[in-house]
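Below is one structure, written out as structure tokens, with a few remarks after it.
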Amino acid sequence: MNKYIKIYTGTSILANRLAFLLDEIHIPSMIKDHRESGRLAGFGTIEDSTELFILDNDVKKADEIIKNFKKETLK
């Protein structure tokens, strides 16, 4: 049985960018935006509270994309 693994936590803009890059190589992802969920429920959360998950069997395939993304965003 496949499990989802968290590969990124940050802003929703960057999480969506990484999800797009993964989608280009046919790796499905799941985004949990705690800030937006909190806003809809009527309470706030801290900044950079968006998480991106992929299936554990896709981690090796996604490794290079994730490394390049992190290098690019740290500049």
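The values are calculated or read from the model by the stated rules, or taken from the named source; none is laboratory data. Keep in mind that this is a model prediction, so the values were computed, not measured. Here the Cβ is made from the backbone with ideal geometry for all residues, glycine too, and neighbour counts use every protein chain on show.
Observations, loosely collected:
- Screening the chain for helices (runs of 4 or more DSSP H) wholly inside it with 1 or more residues that are modelled with pLDDT under 85 returns the ranges 34-41, 59-74.
- Pairs are defined by a Cβ separation below 8 Å, a sequence spacing of at least 6 or placement on different chains, a first member in the range 48-71 that is farther than 10 Å from Tyr8 by Cβ and among the basic types (Lys, Arg), and a second member that is assigned to a loop (DSSP other than H, G, I, E, B) and at pLDDT 95 or above; the pairs so defined are Lys61/Ile25; Lys61/Ile27.
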